[in-house]
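First up is the structure itself, then whatever we jot down about it.
The values are calculated or read from the model by the stated rules, or taken from the named source; none is laboratory data. In this text, all values refer to a predicted model and were calculated from it rather than measured experimentally. Quick reminder, even Gly has a Cβ in these numbers, built from the backbone with ideal geometry, and neighbours come from all protein chains shown. Accessible surface areas use protein heavy atoms only, side chains included; no ligands, DNA or RNA. Shrake-Rupley method; radii C 1.70, N 1.55, O 1.52, S 1.80 Å.
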Amino acid sequence: MSAPNIETIVSLAKRRGFVYPSSEIYGGLGSAWDYGPLGVELANNVRAAWWRWMVYERDDIEGLDSSIILNRRVWKYSGHEETFTDPLVDCRECKTRLRADKLDDGKCPNCGSKNLTEPRPFNLMFQTHVGATAEDDPDALVYLRPETAQGIFINFLNVLNTSRRKLPFGVAQIGKSFRNEVTPGNFIFRTREFEQMEMEYFVRPGEDEQAHQEWVDACHQWFQDIGISRDNLRLYEQPKAELAHYAKRTVDIQYRFFPEREDQERNWDELMGIANRTDFDLRTHSKKPEDAEGKRLNSDSTEDLSYFDEQTKQRFYPYVIEPAAGVNRTVLALLMDAYSEKTNDKGETRVILKLHHSMAPIKVAVLPLAKNKPEIVGMAKAIKRSMQPLVRAVYDDTGGIGKLYARQDEIGTPFCVTVDHQSLEDEAVTVRDRDTWEQERVKVSDLPTYLLQRFSPGT
Ligand code: ATP
């Protein structure tokens, strides 16, 4: 089957409670989305898998949760106040606002006019004010963070000193970021409020290139480990002209988000970026005037964020490798990749969401064959309760068994457990597999072990 486009996923997501348009009862809010009962489970599974992989399964990474609102000077010295901008143009005909760097042929995509203003920089950071001060008080101005990374850099010494780490080591963070995007859109692909999973890996200068390549390979593999097919992923080497001013090399992991676009190059877009940020960040936030050209001298910071190497007795600023992924784009890629259709014996087409077991919002659905038979219902509810400490399980009796199976397939539940009349006699249930629709009879007492064996690793 050809890959679904985003519209198919938007409709499934809304119908089944993964993602809803935000503030809908008040007419919505452009490109804002709310995660429903299944969406929050899926996003939680993404966060948990990333955290487990990044922090628990390694020996060299610590976690962090920094503030969303930071001292404004963080964004002054990081360069965001000056350079975190997109080139904005206005269409003089229809007044649409556009990003100059996304216009393929210099024409307004809304009305086709070429009568556009000159590009001017538009800063993407959302502003607000802290405290009960006047809105125009410059001392009260703060920003909602546009990335989680800076919260890590400013805590470099705190983590270093409290965890007694030596290079190389990393600090991981998951959290919301905010960008006043000029052209948000494509469902949860580009929104103004989104969530990042970032890790800053500090290494000795000279060891940066190898570490960078290792993280590119590891991240590429991670997306496959959570079930995204390799064919729909590709590595994109950012050309020198595209690189951020601080970056030595950046590789994006792209997903085939837009399979319907005729120009094949435009089928792909960024899921994650892995940047070699050099020593820019720790240097720029340090109080020492280290820059050779006299630029970026920091007279506001109270600390020097350099590192003293006990072995070589040298002091230097570590280089940073940054794998930065989006929770929301990962959720979208998972939904697109898992989407499939299958026709049953009756010729009816069913949607099956073939999510990796570890990502499935619900792992087991326990279904009674007859909901008017108290013994069957009681047994089914007891089985659901016994599953609860192990996995996310649900009980559902709101339809005939065919409908119940179809509903679970559509949301990606790997296994349905059905309790029938015979179950009362033989203490056994039917376990149905989402992908093959094959059924097996399993003793209730064997059920936990049976399911745990059948779940994919990492579930
Ligand atoms: P893009 O070029 O698509 O704007 P970016 O290169 O600015 O993205 P980064 O700053 O590298 O993005 O952020 C890391 C990750 O955060 C991205 O790979 C993406 O998954 C996610 N991300 C960034 N901006 C958004 C957004 N507006 N909406 C949803 N996710 C986002």
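Tabulated results
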| item | result |
| --- | --- |
| Note, ³J(HN,Hα) from phi for segment 79-85, Karplus 6.51, -1.76, 1.60, rounded to Hz, x at Gly and Pro | x, 5, 4, 8, 10, 7, 10 |
| Length-normalised contact order of segment 12-71 in % [C-alpha pairs under 8 Å, at least 6 apart] | 22 percent |
| Solvent-free Debye scattering, log10 I(q)/I(0), computed from the Cα coordinates of the chain at q = 0.10 Å⁻¹ | -0.85 |
| Å² per residue, accessible surface of the chain at 1.4 Å | 49 Å² |
| Per residue, the convex hull volume that the Cα atoms of segment 362-454 enclose (Å³) | 82 Å³ |
| Magnitude of the charge dipole, the chain, Cβ model with Lys/Arg +1 and Asp/Glu -1, debye to 20 | 700 debye |
| From phi via Karplus (6.51, -1.76, 1.60), per-residue ³J(HN,Hα) for segment 5-12 in Hz, x at Gly/Pro | 8, 4, 4, 4, 6, 4, 6, 4 |
| Kirkwood Rh, angstrom, segment 193-329 [1 / mean 1/r, Cα pairs] | 16.8 Å |
| Residue-averaged [θ]222 nm for the chain, counting only DSSP H segments that reach four residues, each worth -39500 (n - 2.57) | -7500 deg cm²/dmol |
| Positive-pole candidate from 125, 351, 25, dipole of the chain, charges at beta carbon | 25 |
| Residue 307 long-range amide H proximity, modeled H, under 5 Å | 316, 317 |
| Gyration tensor verdict on segment 324-403 (Cα atoms; rounded if a/c is under 1.5, prolate if a/b is larger than b/c, oblate otherwise) | oblate |
| Segment 362-454, relative contact order [Cα under 8 Å, separation at least 6], % | 29 percent |
| Computed log₁₀ I(q)/I(0) - Debye formula, equal Cα scatterers, no solvent, segment 55-158, q 0.12 Å⁻¹ | -0.63 |
| Pairs beyond 18 Å (Cα-Cα), from 114/240; 14/363; 342/363; 176/363; 342/371; 76/288 | 114/240; 14/363; 342/363; 176/363; 342/371 |
| Carbon/sulfur fraction of accessible area - segment 259-385, other protein chains in place, 1.4 Å, % | 43 percent |
| Mean Cα-pair separation over length for segment 254-349, i.e. relative contact order, pairs under 8 Å, 6 or more apart, % | 26 percent |
| Overall form of segment 225-306 per C-alpha gyration tensor (a/c, 1.5; a/b vs b/c) | prolate |
| Derived scalar couplings ³J(HN,Hα) [segment 91-106; Karplus, 6.51 cos²θ - 1.76 cosθ + 1.60; whole Hz; x for Gly, Pro] | 7, 6, 7, 9, 6, 5, 9, 9, 8, 4, 6, 10, 8, 5, 10, x |
| Net charge contributed by nearby residues that have their C-beta within less than 12 Å of residue 22 (K/R +1, D/E -1) | -1 |
